[in-house]
Amino acid sequence: MASNTMAMAGNTTIPHYDPGDVSWVLTSTAFVWLMIPGIGYFYSGMSRSKNALSLIMLSVISVAIVSFQWFFWGFSFTYSKTSTNPFIGDFSNAFFRGVNTSPSMGNPKVPDVVFAVYQSMFASFTPALAIGSVAERGRLLPTIIFIFIWTTIVYDPIAYWTWNTNGWSNKMGVLDFAGGTPVHISSGAASLAYALILGKRQGHGTEEFKPHNMAHVVLGTAFLWFGWFGFNGGSAVAGDIRAAMACLVTNLAASVGGLTWMLMDYRIERKFSALGFCSGVVVGLVTITPASGFVGPASAVAFGIIGCITCNFACNLKHAFNYDDALDIFAVHGVGGFVGNILTGIFAESYIAALDGSTVIAGGWVNGHFTQILYQLADACAGMTYSFVVTYSILFLMDKIPGLSLRVDAETEIKGIDVSEIGELAYYHVDKILVIDSKTHETKFVEQIRNGNNNKVADFSRLNNV
Amino acid sequence: MTYGTEPNPPHPFLPLSKGKQQNMASNTTTLPTYNPGDISWVLTSTAFVWLMIPGIGYFYSGLSRSKNALSLIIISVLSVAIVSVQVTFVPFSHLIPFDFTKSRCVIVLYALIDCDFRNTLNSCVQWFIWGYSLTFSETSSSPFIGDLTNAFFRGVNNSPSMGNPKIPGLAFAIFQSMFASLTPALAIGSAAERGRILPMTVFIFVWTTIVYDPIAYWSWNTNGWSKRLGGLDFAGGTPVHISSGAASLAYALILGQRTGDENDEFKPHNMSHVVLGTAFLWFGWFGFNGGSAEAGSISAAMACFVTNLSASVGGLAWMLMDYRLNHKFSAVGFCSGAIVGLVTITPAAGYVGPAPAIVFGVAGGIICNFACKLKLAFNYDDALDVFAVHGVGGLIGVLLTGVFADYRVVALDGPTTIAGGWINGHFIQILYQLADGCAGMSYSFVVTYIILFLMDKIPGLSLRVDIKTETNGIDASEMGESAYYHIDKLQGDPAVTEFTHTSS
């Protein structure tokens with residue numbers, strides 16, 4: 001730390017950075033930011049309307065909490081340059097001290113400050129993915145505290161292993177371009193742990209849980225797909241042709257994924273399922289994430305197809321093992337991230353990595369480098385196990401602390417999280433049914449409908465249960 | 001800025017000897033240098049244009065009835081998926097040491113048999129499969145269509161692109177794939193509420209290949225007849241708007257009228273989504289027009305500015321025109337007018353200055369407002385006024401480009417220059433524009449009509465849903481889902497005779 005301060009004081013020249021590179025990374029920062037409300041709308045649309053607002057809000061709250069945590073010590077734990085151990089960073093950059101104009105660890109073409117704000121979006125995105133599994137039955141306060149603890153103890157180390165030049169996985173030679181392990185595998189495993197601790201929703205197995213707002217699911221998917229150009233393309237941390245290739249393979253994998261899942265659902269239901277298409281798009285995006293800077297377009301097609309087929313079947317795991325993964329986060333992000341990581345070991349091409357003019361990798365199977373897949377497997381398994389075990393431990397301990405119990409009580413669950421914990425609804429405008437009296441043109445709010453014998457035929461006080 | 005043309009460029013899809021590592025050092029010295037700012041702006045614009053596609057989906061969805069809402073949102077995103085794959089199949093072809101133009105079989109055979117593991121995967125999905133090659137191949141000598149040398153994105157790499165040598169071919173290809181994805185999403189709006197989804201998806205693939213790719217080739221490929229003639233089309237008046245507008249007219253004519261009383265039933269069900277869609281479109285259009293400069297240049301900045309101005313003026317113009325009839329500030333009117341303004345400025349965005357942009361917006365707003373009455377005059381059901389806005393609007397824009405194109409605006413960037421339009425005294429420009437616009441419109445309309453006519457005859461691809469499906473709504477029947485489960489539908493019970501109220 002002392003040396004950093006001296007460097008700052010004595011540093012009169014700022015290294016030259018190309019505005020184009022900085023510009024692209026800043027643009028990507030905003031794009032990844034938009035992915036977070038995207039996942040919020042996606043999850044919200046898939047749940048029931050009485051819990052809709054909670055899921056949108058949790059995603060945006062995640063940004064708020066992790067942005068602070070990243071400043072506090074998150075960036076330091078993940079990207080400190082002075083740390084020597086292979087598992088976690090030190091405190092040298094806590095409170096963003098020493099985060100200045102030196103070349104960043106991600107790419108020397110952009111300064112630390114830019115890279116730090118960009119990476120803060122990744123850190124914010126990951127817990128937003130994981131907490132989807134609290135849908136409909138988790139208390140908000142423990143979830144918020146969980147986010148802070150989890151991102152410190154789980155996300156930061158895993159990201160350190162993969163992306164810090166001193167991380168064990170990075171030194172071993174793992175290829176993870178934009179976060180298969182730190183983002184998707186870790187959040188998928190965490191969501192599984194959360195789902196197991198919370199238990200099943202009331203009515204699971206008997207009631208049918210349908211998405212209440214498919215328009216929001218599509219909106220969320222649109223934000224995710226749009227933002228993913230920044231997630232993968234921006235991970236080149238430079239405005240170069242490698243970023244262009246990452247954008248291309250991202251788009252292609254998402255497209256193929258959406259079509260594949262939709263076709264897989266079509267063979268069962270004979271309908272073009274929108275939910276299937278959106279899920280497939282997200283799976284395609286997830287699987288291509290670790291590989292986006294290492295593979296070409298043809299391989300991206302394989303990622304989309306293989307990812308979707310695997311994850312579609314993985315959605316049945318919750319039936320086989322009888323847990324309530326309400327929004328299929330483990331199937332999509334955990335399994336999808338795992339599949340993507342493995343496929344990276346197969347399809348990574350040294351030519352693609354070299355498009356930025358400087359990166360040299362040994363490549364994957366297609367380059368004849370067969371051990372790559374073992375590195376990928378090591379990284380993925382380590383990430384998944386660590387995330388699952390530590391998340392489970394965190395939640396187990398939190399549940400024991402008075403005031404931090406994780407699950408809402410039964411009555412709250414029936415009334416809905418929005419009304420009970422937030423005190424607001426997502427949709428005030430749809431619960432009113434207005435009748436206009438044709439004579440007086442007076443509008444009345446209908447609460448009950450009775451037939452001519454004054455027997456109640458419809459009761460709208462139960463509308464919120466959809 | 002140096003562009004290396006190495007004799008044997010590293011090619012991603014050529015076989016390498018197994019186990020041999022490429023010599024990275026030699027590769028690094030032969031990569032051309034590009035300004036990251038240019039690439040960055042093009043990639044940003046790529047994402048912006050991507051967002052326009054769900055934007056048109058929400059716009060169309062909000063304008064239709066709620067029982068069909070989800071289908072219109074999903075079809076727009078589906079269009080991205082299908083065309084992204086098609087684009088990669090037939091796209092760009094630049095540096096390929098083998099001559100594959102002779103035989104398509106050789107391509108497939110090569111891909112399947114001559115193999116490194118990864119090449120076998122090259123043998124298959126429109127822009128990826130062949131779209132880019134048909135539109136932007138640099139080796140094609142025909143004035144009408146490209147060849148297949150860039151199919152499967154072979155040879156699409158870091159050599160300078162056809163659009164602008166400042167950016168590599170790959171960045172140009174992914175940017176253009178968004179244009180190709182947007183166009184059919186515009187066109188199929190006219191199939192709203194009565195078109196089956198499966199034929200629509202097949203149509204998207206076929207139409208992009210046979211209609212969009214040629215028309216884009218004419219306007220944007222250096223060998224295209226319209227480009228050689230001197231037609232000016234900055235961001236796609238003809239390839240995108242005129243072609244999709246004409247196609248939507250053909251689709252509407254083939255499908256026929258919707259069932260139902262048009263005065264009562266066909267109202268927008270969700271104005272909030274209409275505005276959301278308009279917002280995505282307007283936002284994304286900065287990338288559509290600004291990005292078509294294909295560099296982070298003054299031309300891009302001017303394009304962004306005139307785009308915004310034309311949209312604003314168009315929205316106000318249409319809204320005022322509706323005001324004189326209803327004395328109300330119509331939101332649908334404003335949104336439609338904004339889109340018309342965006343459409344008309346599209347071919348001209350990099351060629352005109354701010355003052356003419358106002359003319360574009362006003363002309364578009366007024367003329368297209370009247371054009372909406374064409375469907376009443378000629379008695380066809382253009383449900384979402386796609387032809388009036390995109391077809392007619394595109395034509396207006398293309399013609400006005402011939403009037404207002406200004407070489408002084410183009411000269412802001414330096415080297416490129418054009419002859420200009422009427423305001424430069426170059427009066428013949430409008431004839432080039434007329435040729436380009438009319439050719440695009442007639443080709444698109446005729447070929448689309450033929451495609452749909454033939455598809456309708458094929459069993460399994462009949463275009464229109466049956467009456468029961470139409471009454472129940474496309475969402476429930478074809479997708480098995482609804483957009484809004486949380487809004488309970490009041491199933492009328494005939495025994496209900498009175499309502500009681502508890503509060504208002």
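Every number here is computed from the coordinates shown, using simple stated rules; none is lab data. Since this is a predicted model, take the numbers as computed values, not measurements. Every residue, glycine as well, gets a Cβ built from its backbone with ideal geometry; the counts of neighbours run over all protein chains shown.
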Separation between Cα centres of region B:321-352 and region A:267-333, rounded to whole Å: 41
At R0 = 51 Å, FRET efficiency that the Cβ-Cβ distance of residue B:457 and residue A:414 yields, to 0.05: 0.40
Per-residue ³J(HN,Hα) for region A:365-377, Karplus 6.51 cos²θ - 1.76 cosθ + 1.60, θ = phi - 60°, Hz, x for Gly and Pro: 4, 5, 9, x, 9, 6, 6, 4, 5, 6, 4, 4, 5
Dipole axis of the protein assembly as shown (+1 Lys, Arg; -1 Asp, Glu on Cβ), positive-most option in B:376, A:302, B:342: A:302
FRET efficiency estimate (nearest 0.05) - Cβ-Cβ, residue B:446 to residue A:30, R0 35 angstrom: 0.20
Along chain A, longest interval not containing exposed GluC sites (Glu not before Pro), exposed being DSSP loop plus at most 14 other Cβ atoms within 10 Å: A:209-423
Charge dipole magnitude, Cβ of K and R +1, D and E -1 - region A:3-412, Cα centre, debye nearest 20: 460
Phi-based couplings in Hz for region A:39-55 (Karplus 6.51, -1.76, 1.60; Gly and Pro marked x): 5, x, 5, 4, 5, 4, x, 7, 9, 8, 5, 6, 10, 4, 5, 4, 6
Ascending count of other beta-carbon atoms within 10 Å, so fewest first, for A:321, B:280, B:305: A:321, B:305, B:280
Rg/Rg_ref, chain A, where Rg_ref = 2.2 N^0.38 Å and atoms are Cα: 1.04
Separation of alpha-carbon centers, region A:168-193 and region B:436-469, rounded to whole Å: 48
Unit Cα scatterers, Debye sum, region A:277-388: log10 I(q)/I(0) for q = 0.12, 0.16 Å⁻¹: -0.43, -0.72
Under 15 Å, Cβ to Cβ, from residue A:135 - net charge with Lys/Arg +1 and Asp/Glu -1: +1
Inter-label distance, nm, simple model (7 Å from Cα along the C-beta direction), residue B:141/residue A:204: 6.9
Inter-part distance where region B:367-392 and region A:210-248 are each reduced to a Cα centre, Å: 35
Net charge of Cβ neighbours under 14 Å - reference residue A:259; Lys, Arg +1; Asp, Glu -1: 0
Greater than 30 Å apart at Cα, pairs in A:271/B:457; A:200/B:67; A:50/A:318: A:200/B:67
Fewest-first ranking of B:375, B:328, using other Cβ atoms within 10 Å as the exposure measure: B:328, B:375
P(r) of the protein assembly as shown over all Cα-Cα pairs, binned every 10 Å from zero, in whole percent: 2, 12, 21, 24, 21, 13, 5, 1, 0, 0
Degrees between helix A:214-233 axis and first principal axis of chain A (Cα, 0 to 90, nearest 10): 0
All Cα pairs of region B:323-406, percent lying beyond 22 Å: 27
Gain in span if fully extended, residue A:378 to residue A:362, counting 0.36 nm per residue against the direct Cα distance: 4.1 nm
Two-site label geometry, residue A:321 and residue B:324: point separation in nm, points 7 Å out along Cα→Cβ: 6.8
Table column - 3J(HN,Hα) (Hz), region B:374-389, Karplus curve with 6.51, -1.76, 1.60, x for Gly and Pro: 4, 5, 6, 5, 9, 6, 10, 9, 8, 3, 10, 6, 5, 5, 5, 7
Rounded tilt (10° steps) of A:297-314 against the dominant C-alpha axis of chain A: 40
Residue exposure sequence - A:408, A:256 - by fewest surrounding Cβ within 10 Å: A:408, A:256
Residue A:13/residue A:269 FRET efficiency (R0 60 Å; Cβ-Cβ; nearest 0.05): 0.40
Inter-probe distance in nm under a simple model that places probes 7 Å from Cα toward Cβ, at residue A:85 and residue A:101: 3.5
